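Working notes, structure below.
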Amino acid sequence: LAQPVTPELLVSPSSQDGDLGSECPEDRGNWTGRLDFLLSCIGYCVGLGNVWRFPYRAYTNGGGAFLVPYFIMLAICGIPIFFMELSLGQFSSLGPLAVWKISPLFKGIGMGTILIVSLVAIYYNMIIAYVLFYLFASLTSNLPWQHCGNWWNTALCLDHHVIKAGNTTFPVNITNTVSPSEEYWSRYVLHIQGSSGIGDPGRIRWKLCLCLLLSWTIVYLCILKGVKSSGKVVYFTATFPYLILVMLLIRGVTLEGAWKGIRFYLMPQFDHLLSSKVWIEAALQIFYSLGVGFGGLLTFASYNTFHQNIYRDTFIVTLGNAITSILAGFAIFSILGYMSQELGVPVNQVAKAGPGLAFVVYPQAMTMLPLSPFWSFLFFFMLLTLGLDSQFAFMETIVTAVTDEFPYYLRPKKASFSAVICIALFLMGLILTTEGGMYWLVLLDDYSAGFGLMVVVITTCLVVTRVYGMKRFCRDIHMMLGFKPGPYFRACWMVLSPATMMALLVYNIVKYQPSEYGSYRFPAWAEVLGILMGVLSCLMIPVGMVVAVLQEEGTLWEVGVQQASQPAMDWGPSLEENRTGMYVASLAGSQSPKPLMVHMRKYGGITSYENTAIEVDRKMEEEEEESMM
């Protein structure tokens, strides 16, 4: 007789030998390796923002003291919402659109998510194209942004060798000068002098266009077979950046003046903690760094087996992401400390955030090192791998969302559909390759995932806890993982997380500042266009409500709204053997009213998971009896 097999709760089914896809729908696909899901989440969360935003935010908001609000906001806002998204995806095995079977009235949230992700994917791949441009430019014996004297340089250009010589012979006024790396970025790579503003894009920069085409080609080849192909690529793209980051860190801290930069980065200024701005900045960093609300986490979790231990994975990814950000700060500021000593200027004059750090300051610092092309290549290769992981997630989110809506038509043609999406987004991104493309990129960056994303996340949190119900949601997690979320998660989901995000939203609206790039101020029509991008994703929610109510029969409130807000008939686990209690036999075409028997035949007896399911069913019956009395 076959011996009963009891799966352990802390060992995910995906890490056991045998048929790894036995619990997942075959036509949808699932993770095939032990670490595919975990590494994909790490790669998705650990992105460009960890390198070029966190260190700058930390030093401008109290240095080492910034870590206090950072970790508090991680506990209040980051970890709970992260766990909620993973739970929704894994429980239903559905993408960001189809998952709203949980409450069809709010399907517009999924539509808003897809709109946001599509806009972000357009400009995010342009950043990867810039990285590729610099990567190829580093394949030389002398970096092209090392000295002045090139055709793109102006009379204002002054390189660091002249500054260093000036420190010993005569004082050099550097206030009205420009570094070679800055002119290389603005006048050669962007050729921004060919555009007078956002309304005058100028000509297409064909080298940038080819780099954008290459980046989309790389992304398409990696997501060609869905998570089965991207799940293998992340074994390299999610781990290799850590190797390069450690190499840059070791090289950085051994340079003269490195500790000057590190001290500047981490010197605690506790008086900053009394400022509300610091707490808002910490929450914003957590919000965008973990990638909550973009649908990527939900999509990745939807390819898990039903009993994957996402509780453990949540803490591994969120804490790993935080530690990586801090580590990146050491690597960046050690180099900036060396650079400030070489130039003879304070660290705060060389420290920048965003593209200014990646494409101006850090490349300039590389020219001061021996073997500068080697270190430059490593730095940009690290940025490439960091960016690609996040782009995989954005594309997988879009493709999964649409194919889950039309599974019979699109799933068999998923590779072709992915190609259509990539081509469409590439064509929409061509304006970013023009001489005025940076203005459009700044506009997209400022507005595509601003207040619209916050509205989406706040609404999701409220719908799950208030409309679907906290009891029901916790019961689903209990059925899936074998335990209910504790008071910490319930308190965050009900009050702390939505309240914090509401404060973020209000702060962003009250402290609204028009977009700018350097000294250029965007015209009013561009600001209106940007605001419309954010508003459009919010409008998807009421539009989805109207569509859902119109699809229901009966009066508007009594039947339409109330019925549309209830879970769909087929809401629940995707496989029959995982459907118990209220989910039994609710799948279309279900033949088995007792899915537990499927498990009993499979394992040779009742497993620990079935015991959990039986316990959940019993408690549900008791609650129903109490409510009837």
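Descending by average beta-carbon neighbour count within 10 Å, the peptides 341-349, 53-61, 65-73 line up as 53-61, 65-73, 341-349, the highest first. Rolling a 1.4 Å probe over the protein chains gives ARG521 an accessible area of about 140 Å².
Residue separation of PHE374 and TYR512 scaled by 0.36 nm, minus their Cα-Cα distance, works out to 45.5 nm of gained length. Ligands, DNA and RNA excluded, the heavy atoms of LYS232 present near 100 Å² of accessible surface to a 1.4 Å solvent probe. Note on the stretch 214-277 and the stretch 58-92: Cα centroid distance 17 Å, given to the nearest whole angstrom. Highest mean packing comes first when the peptides 29-39, 406-416, 289-299, 187-197 are listed by Cβ atoms within 10 Å, giving 289-299, 29-39, 187-197, 406-416.
What FRET efficiency comes out for the pair LEU156/LEU221, r = Cβ-Cβ distance, R0 = 51 Å, nearest 0.05? It comes out at approximately 0.75. Label-to-label distance for ALA524 and GLN551 is 4.1 nm, based on points extended 7 Å past Cα in the beta-carbon direction. For the set LYS228/LYS413; LYS107/LYS484; LYS260/LYS352; LYS232/LYS413, the pairs lying more than 18 angstrom apart at their alpha carbons are LYS107/LYS484; LYS232/LYS413.
Each peptide in 508-515, 211-218, 152-159 receives the mean, over its residues, of other Cβ atoms within 10 Å, and ordering these scores from highest gives 211-218, 152-159, 508-515.
Given their separation in residues at 0.36 nm each and the Cα-Cα distance between them, LEU214 and GLU256 gain 11.3 nm when the chain is fully extended. Between VAL543 and ALA491, residue separation times 0.36 nm minus the direct Cα-Cα distance comes to 15.7 nm. Using the Cβ-Cβ distance between LYS277 and ILE323 with R0 set to 22 Å, the FRET efficiency works out to roughly 0.35.
The values are calculated or read from the model by the stated rules, or taken from the named source; none is laboratory data. As the structure is a prediction and not an experimental result, all values here were calculated from the model. As a convention, Cβ positions derive from the backbone with ideal geometry for all residues, glycine included, and neighbour counts pool all protein chains shown. Ligands, DNA and RNA are stripped out before the accessible areas are found, and what is left, the full protein with its side chains, is counted by its heavy atoms. Shrake-Rupley method; radii C 1.70, N 1.55, O 1.52, S 1.80 Å.
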